[in-house]
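Here the structure is laid out as structure tokens; the discussion comes afterwards.
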Amino acid sequence: MLANRVAALVMLSLAVACNVFPLLALAQNSQVTSKYPCAFIDTVNITGSYPHEQHGIGNNSTAQPSNNSYIYEWMIIPPELVAVYDFIIKNGIRVQTERHLRACVCKLKPCIRFCCSQGFFYRLENKTCSPISSIVDNFVDQDFMEIRFANGSIGTISTSGHFLVHHGTPCEHMRTITKDNHYVHWTLHENGTIAYKNHLFSKHYCFSAFLESNKDNEMDWQWQPLACVPERLPFILGVREWTYAICLIITVICMIIILFVYLLCTDLRNTFYGVAIKSYTLCIIVGYSLLAHLTLTSPANMSKYACSKIPSFALLYLVLSFYILSFISFNFYLSFFGIILSNLMFWFIFFPIVIIAACWSFFVSFDLYNNRPVFGNEICWFDPRNWSILVYLYVPILLSCVFSGIFYILSLIKLSDGPDVDVNKLMASVSRNRFKSFWKFFGYTLSTWLVCMCSFAINCYRGERTHINYVVCLFIALHGFGSLYALVGKNQQIQNFLRKIEDEIDSDEIAEISMPMSNF
């Protein structure tokens, strides 16, 4: 037992030594602060820099260092601006690395950052530095920059003499700041800040040269700061998100009412049309419920598997709902030729489409878009910064709407071919009223999703969420109310069924009232 305890103490001592001694050696025996004295963007790696010792009073044999500083770019960095880091910030994400020393050099001297070295400019298209080959190269000399001094005057200074010059992009994705499709003329101040009127530019920037027309309509190279595009989308649960989720839930409630009514209606319950509407409502109930869950739940609180599979199921049910509408349109068109499809035929048509849609959603959940997974990255739905939702969701929906539109046009042509008597014969099995109510409902559904597509295009183009998101919420709710109005309120068979139930209830109440009371 004693030998085991001694061995354990030896192992513990070795572990402490292995973790502590390298850090002490790395800090050069200085009193490096345990807290980070500045933002990471204002630091540089000074590992390997020469320590600068200030000796106390006494001869060489007895003098002791009072503090340990470091030398970087001919500057003496005091120990309070030095810290031991075990991470770096890469594209806005904290990445663990080996322990190293970093110093807050931008607190001692203002820093300026260029995306590329002298004679090069940064191409946003391929994220690389390209050489400048123009007769106006002298206008983009990095050695001299125009700045505004504290007293308000403007002058040209030597960048290397006034600033600490850094080269490279702080992030992988950079973008320019434009206003009305024109570059914003930012002002560089002597303290290193960049401002336009009362707006300060982010510290995560780098200067690059861009061609811009001057007053004489000649193209000149001008310096423009590029800003970092946030790599990870923050989870926001604000008024927009709650409004969107509530509208989704309202539509789910409306679909539950429609499903309940169509389950009770004996005239439609076992027909092709009735089974199709019930299947459609089930798909919308599940799809919209999953969307509401994704809207209200932070990806940080979801497992990687759930963050990948829940949106793929939502995609499956949403796509299926639109192809069910195509089946109904096809059924209306066939009825003009006297072909009546049964509910069994619906399932024969439906199951192959389910398999295809399931394979599609499975493919999307494992596919990459812009070298990143479509689902399961930093957001558990389609990334709003790219066009993946257009490719994987809106295109299948648009194809389904095209199919439905073709069958609708063919049905209208068939209706206009013969006289009203023939029309009545053709519509014997399928009510004209059912035909009209369905296409009203389809119009509400199509309008809702067209607004969603327009909202996505506008948000993606502007790079930010706009107030059109509230219009989307309104149309989502109108989708539910419109479906309830068209499929129940304007469907004569459903109305007759509801009146029959109401009459039976009234007759039962009258019979109960008219029953004579017995004597006790």
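Things to note:
- Inter-residue pairs, beta-carbon under 7 Å, first among the hydrophobic types (A, V, I, L, M, F, W, C) and in the range 33-54, second assigned to a loop (DSSP other than H, G, I, E, B) and at pLDDT 80 or above, 6+ apart: Cys38/Cys104; Ala39/Lys203; Ile41/Pro170; Ile41/Lys203; Ile41/His204
- Some residue of the range 505-520 being assigned to a helix (DSSP H, G or I), modelled with pLDDT of 60 or more and open to solvent by 30 Å² or more (accessible area, probe 1.4 Å): no
- Looking at the range 111-194, the strands (runs of 3 or more DSSP E) lying wholly inside it that each contain 1 or more residues that are free of Cβ contacts under 8 Å to residues at least 60 places away in the same chain and over 27 Å from the mean Cα position of the chain (by Cα) sit at 120-123, 128-131, 144-148, 154-158, 164-167.
- Restricting Phe235, Phe260 to those that are in a loop (DSSP other than H, G, I, E, B), at negative phi and open to solvent by 20 Å² or more (accessible area, probe 1.4 Å) reduces the list to Phe235.
- Filter pass, Ile77 being touching a strand residue (DSSP E or B) at 6+ places or on another chain (Cβ under 7 Å), among the β-branched types (Val, Ile, Thr), at pLDDT 50 or above and not assigned by the TED database to the domain that holds Gly168: yes
- Some residue of the range 324-342 being modelled with pLDDT of 85 or more, within 32 Å of the chain's Cα centre (by Cα) and hydrophobic (A, V, I, L, M, F, W, C): yes
- Residue check for Tyr280: in contact (Cβ under 8 Å) with a residue 12 or more places away in the chain, crowded, with 16+ Cβ neighbours inside 10 Å and either under 23 Å from the mean Cα position of the chain (by Cα) or in the same structural domain as Thr178 (by the TED database) (or both): no
- Selection status of Arg269, among the charged types (D, E, K, R) and under 18 Å from the mean Cα position of the chain (by Cα): no
- On inspection, Ala83 passes the criterion of being modelled with pLDDT of 80 or more and not assigned by the TED database to the domain that holds Glu172.
- Selected residue (only one of Phe144, Phe163 is farther than 25 Å from Pro37 by Cβ and assigned by the TED database to the domain that holds Phe210): Phe144
- Test: residue in the range 183-204 that is charged (D, E, K, R), more than 19 Å from Glu146 (Cα to Cα) and in the same structural domain as Phe149 (by the TED database): no
- The set of residues in the range 332-341 being open to solvent by 20 Å² or more (accessible area, probe 1.4 Å) and hydroxyl-bearing (Ser, Thr, Tyr) consists of Tyr333 alone.
- So Gly274, is it among the small types (Gly, Ala, Ser) and either over 26 Å from Cys380 (Cβ atoms) or not assigned by the TED database to the domain that holds Asp383 (or both): yes
- Flag if Leu315 is in contact (Cβ under 8 Å) with a residue 12 or more places away in the chain, closer than 21 Å to Ile253 by Cα and open to solvent by 10 Å² or more (accessible area, probe 1.4 Å): no
- Qualifying residue in the range 342-363 (condition: open to solvent by less than 20 Å² (accessible area, probe 1.4 Å), under 14 Å from Leu316 (Cβ atoms) and touching a strand residue (DSSP E or B) at 6+ places or on another chain (Cβ under 8 Å)): no
- Qualifying residue in the range 360-375 (condition: in contact (Cβ under 8 Å) with a residue 60 or more places away in the chain, closer than 27 Å to Ile458 by Cα, out of contact with any helix residue (DSSP H, G or I) (no Cβ under 7 Å at 6 or more places or on another chain) and not in a helix (DSSP H, G or I)): yes
- Taking the range 91-123 as the range and being at pLDDT below 85 and surrounded by 14 or more Cβ atoms within 10 Å (Cβ to Cβ) as the test, the residues that pass are Asn91, Gly92, Gly119.
- Check on Cys265, surrounded by 18 or more Cβ atoms within 10 Å (Cβ to Cβ), touching a Cys at 6+ places or on another chain (Cβ under 7 Å) and in contact (Cβ under 8 Å) with a residue 40 or more places away in the chain: no
- Any hit, the range 376-383, residues being over 23 Å from Phe438 (Cβ atoms), crowded, with 19+ Cβ neighbours inside 10 Å and of a type in the set (Val, Ile, Thr): no
- The set of residues from the range 298-311 being hydroxyl-bearing (Ser, Thr, Tyr) and either modelled with pLDDT of 90 or more or open to solvent by 30 Å² or more (accessible area, probe 1.4 Å) (or both) comprises Ser303, Tyr305.
The values are calculated or read from the model by the stated rules, or taken from the named source; none is laboratory data. Since this is a predicted model, take the numbers as computed values, not measurements. FYI the Cβ positions are ideal-geometry reconstructions off the backbone, even for glycines, and counts take in every protein chain you see. Areas reflect the complete protein model, heavy atoms only, side chains present, ligands, DNA and RNA absent. Shrake-Rupley method; radii C 1.70, N 1.55, O 1.52, S 1.80 Å.
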